[in-house]
Amino acid sequence: MKRWQSISLGVITLLVLVVANLLIFQKERLLASGQTIFLELAPVDPRSLIQGDYMALRYGTLQTVNTDELASDGYLVLKLDERNIATFDRVYQPGETLAPDERIIRYRKRSWDVRLGAESFFFQEGHADYYSNARYAELRLAESGETVLAGLRGEELEALGPPAEINN
């Protein structure tokens, strides 16, 4: 019996490692090849005594969405301007054709909150000042509507973060 338990434990461990690495690979591929879009951030409190320094992300574009009419999961249509700043246009209807400047983004509605993926941005303790001027979230968007947070940007879409010499 112990032999089967050891084999089962080994197979389960291997399966967990394969799934975890597959998810990491998918996110890394999206970071490398996804379309860059910017979503305006709504102001929130950037501190948590339990979690440390981080910025809770709330997207300004969601403030114009009537959440009462949304299903629990679905897609929103975003309209991109010439700088790839995205704004909410409408709820996506399956099968509809998008204009060249439109993209879909997946949302998940949980009670009163609508989520577009990353809901917080963690940074090293003591680096809060580098991100205090964040106005946009930089996302990588797949054609499927899935996103990965790539960073935070300032008012003029400048990258935020510590200087390169601090990171080394």
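The values are calculated or read from the model by the stated rules, or taken from the named source; none is laboratory data. On a predicted model such as this, the values are computed, not experimentally measured, just so you know. Every residue, glycine as well, gets a Cβ built from its backbone with ideal geometry; the counts of neighbours run over all protein chains shown.
For this structure, a couple of remarks:
- Here 77, 148, 65 are screened, and the one residue that is more than 21 Å from residue 30 (Cβ to Cβ), buried (at least 16 other Cβ atoms within 10 Å of the Cβ) and not acidic (Asp, Glu) is 65.
- Selection of first residues in the range 11-28 that are surrounded by 10 or more Cβ atoms within 10 Å (Cβ to Cβ) and of second residues that are of a type outside the set (Asp, Glu), restricted to Cβ pairs under 8 Å at least 6 apart or on distinct chains, gives the following pairs, ordered by first then second residue: 27/148.
- Residues being charged (D, E, K, R) and either touching an Asp or Glu at 6+ places or on another chain (Cβ under 9 Å) or not assigned by TED's automatic domain parsing to the domain that holds residue 92 (or both) are represented in the range 146-157 by at least one member.
- For the range 34-50, filtered to residues that are modelled with pLDDT under 80 and not in a loop (DSSP other than H, G, I, E, B), the residue that is surrounded by the most Cβ atoms within 10 Å (Cβ to Cβ) is 48.
- Breaking point among (1) under 22 Å from residue 42 (Cα atoms); (2) surrounded by 11 or more Cβ atoms within 10 Å (Cβ to Cβ); (3) touching a Gly at 6+ places or on another chain (Cβ under 7 Å), for residue 159: (2)
- Counting only strands (runs of 3 or more DSSP E) that fall entirely inside the range 51-127 and contain at least 1 residues that are at pLDDT below 90 and within 15 Å of the chain's Cα centre (by Cα), the qualifying elements are 52-56, 102-110, 113-115, 120-122.
- Among the residues examined, residue 137 qualifies as part of a strand (DSSP E or B), closer than 12 Å to residue 41 by Cβ and assigned by TED's automatic domain parsing to the domain that holds residue 41.
- Candidate set: the range 84-118, residues that are among the acidic types (Asp, Glu) and surrounded by 15 or more Cβ atoms within 10 Å (Cβ to Cβ); chosen: the one farthest from residue 57 (Cα to Cα): 102
- Residue check for residue 116: farther than 30 Å from residue 93 by Cα, in contact with a Phe, Trp or Tyr (Cβ under 9 Å, 6 or more places away or on another chain), of a type outside the set (Phe, Trp, Tyr) and in contact (Cβ under 8 Å) with a residue 60 or more places away in the chain: no
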